[in-house]
Amino acid sequence: TPTARTMPPLTDLHPSPDDILGDTLAGLSATPKRLSSKYFYDARGSQLFEQITRQPEYYLTRVELALLASAMPSIAEAVNDCPHVVEYGSGSGRKTQLLLEGLVDPVAYTPIEISRSALLASVERLAEAFPDIEMLPVCADFTQAVPLPRPERPARHTLVFFPGSTLGNFTFDVAERLLRAMHATMGPRGQALIGIDLVKEVARIEAAYNDAAGVTAAFTLNLLARLNRDVGSDFDVGAFEHLARYSSERERIETFLVSRRDQDVHVDGRRFHFEAGEAMQVEYSHKYTDASFDALVGRAGLRVTRRWNAPGDDFGLRLLQP
Ligand code: AVI
């Protein structure tokens, strides 16, 4: 039928919906207060992130794309032939295209994503560009092990693709759990290609999270507007400001929303007080060294088998295997 051809079959593992109200109440009750960066990505937040990737200071996306393009022949050699490519998150367009074009005979492509709409939009685009690759999207939470759909033409092994240094948005404990789940998803003969931002000069890292046009500040503050809409809170968005600074000790950007004055915020009939200058933690972006990344993947039973670095060691791609 025409629908079957244009609409790839969706495997829906019914991921449990986020408890955005419960998470917000818990975060505001904690000391210091915190909110989760996973709630940045409503429609407006995703649009603002897209805009961040085009800011001159935000080197990550540009550098990773260039690295992927230049290292692709060598990556294709290191990845086993006829893979089932599994991407964490919905296909980010250019990067997915470069990978699928460059690999040797990829059999199937499975994006794993919690948002059904993002998932379908990405595979529809890719299905047109790659008619010979079977599109097998899975709606699931990739922080858990995901049973993969079987391609019609058997794949020899699985390659998990997790670009963008998104792993860096998780604390080491959670990242370790995620890598264990990834290990289970890809199986004993699988491989994973992961993009990571690397430790470098502090000024360049901090500039990337404090762009002059203020797009990152708008992105961070949008979290409060999103919560006002989705949990009925009454944050005065103009009464907070974006603060992103690098901790050399922890090798990560730590992003906060700082209260500009003494104020109360109400959520679900509860009142939360902010002191003037009080900082609420909203995001981490970890930067890695070879030592810190090798140790992290090692704790998940994986090892780095190949490394590709951008010029000046600005960003890295790592191939992992059990
Ligand atoms: C998606 N993630 C890898 C971005 C980062 O660099 O941590 C999110 C972001 N936050 C502020 N700017 C970009």
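Read-outs throughout are calculated quantities, based only on the coordinates presented, and are distinct from any laboratory measurement. Fair warning: this is a prediction, and the values are worked out from it, not measured in the lab. Please note: Cβ atoms are built from the backbone with ideal geometry, for glycine as well, and neighbour counts cover all protein chains shown.
How do 12, 294 rank when sorted from fewest to most other Cβ atoms within 10 Å of their own Cβ? Display every interim value, and only then the final one.
Working: 12 12, 294 16.
Ascending Cβ contact count within 10 Å gives the list 12, 294.
Subtracting the Cα-Cα distance from 0.36 nm times the residue separation, let me have the gained length for residue 177 to residue 115 in nm, one decimal. Display every interim value, and only then the final one.
Numbers: separation 62, 0.36 × 62 = 22.32 nm, distance 2.12 nm.
Extending this stretch completely gives an extra 20.2 nm.
Ignoring everything except DSSP H segments at least 4 long, calculate the 222 nm mean residue ellipticity for the chain; use -39,500 (n - 2.57) per segment, divide by total residues, nearest 500.
Computed mean residue ellipticity for the chain: -11000 deg cm²/dmol.
Nearest 0.05, what FRET efficiency do residue 21 and residue 51 give at R0 = 35 Å with Cβ-Cβ as r? Each step should come with its number before you reach the end.
Working: r = 28 Å, r/R0 = 0.81.
Rounded to the nearest 0.05, the efficiency is 0.80.
As a test of the definition: which semi-axes, in Å, follow for the chain when you take the square root of five times each eigenvalue of its alpha carbon gyration tensor? Largest first, please. Each step should come with its number before you reach the end.
Values: eigenvalues 238, 108, 63 Å².
That gives 34, 23, 18 Å for the three semi-axes.
Please arrange 18, 268 by how many other C-beta atoms lie within 10 Å of their C-beta, fewest to most.
Details: 18 14, 268 11.
Fewest-to-most ranking of 18, 268: 268, 18.
Starting from the 7 Å offset along Cα-to-Cβ, what nm value, one decimal, do you get for the label separation of residue 29 and residue 291?
Between residue 29 and residue 291, the simple spin-label model gives 4.0 nm.
Stretched out fully, how many nm does the piece from residue 206 to residue 10 gain, at 0.36 nm a residue minus the Cα gap?
On the way: separation 196, 0.36 × 196 = 70.56 nm, distance 4.00 nm.
Between residue 206 and residue 10, full extension yields an extra 66.6 nm.
Projected area of the stretch 220-322, taken from the Cα convex hull and averaged over every viewing direction, in nm²? Write out the running numbers ahead of the final one.
Values: hull surface 37.7 nm².
For the stretch 220-322, the mean projected area of the Cα convex hull comes to 9.4 nm².
Enumerate the lysines that residue 95 could reach by cross-link, defined here as Cα to Cα under 21 Å, with residues fewer than 8 away along the same chain left out.
Once the sequence-local lysines are set aside, what remains near residue 95 is 287.
Less than 19 Å from a label point 7 Å out along the Cα-to-Cβ axis of residue 76: which backbone N atoms in the stretch 143-187 qualify, by residue?
Residues passing the 19 Å test: 156-161.
What ³J(HN,Hα) values, in whole Hz, does the Karplus curve 6.51 cos²θ - 1.76 cosθ + 1.60 give for the stretch 131-147 when θ = phi - 60°, with x put for Gly and Pro?
Rounded to whole hertz, the list is x, 8, 9, 6, 9, 10, x, 10, 8, 6, 9, 6, 7, 10, 5, 10, x.
What residues qualify as long-range amide H neighbours of residue 134, i.e. H under 5 Å apart, gap of 5 or more or another chain, H built at 1.01 Å from N?
108, 109
Based only on other Cβ atoms within 10 Å, what is the fewest-to-most ordering of 242, 183, 14, 266?
On the way: 242 18, 183 21, 14 8, 266 12.
Taking fewest neighbouring Cβ atoms as first place, the list is 14, 266, 242, 183.
Using Cα springs under 10 Å in a Gaussian network model of the chain, which residue among 229, 260, 306 shows the largest mean-square fluctuation?
Judging by the Gaussian network model, the answer is 229.
Which cross-chain or sequence-distant (5 or more) residues have an amide H under 5 Å from the amide H of residue 252, H modelled 1.01 Å from N in plane?
Long-range HN contacts for residue 252: 247, 287.
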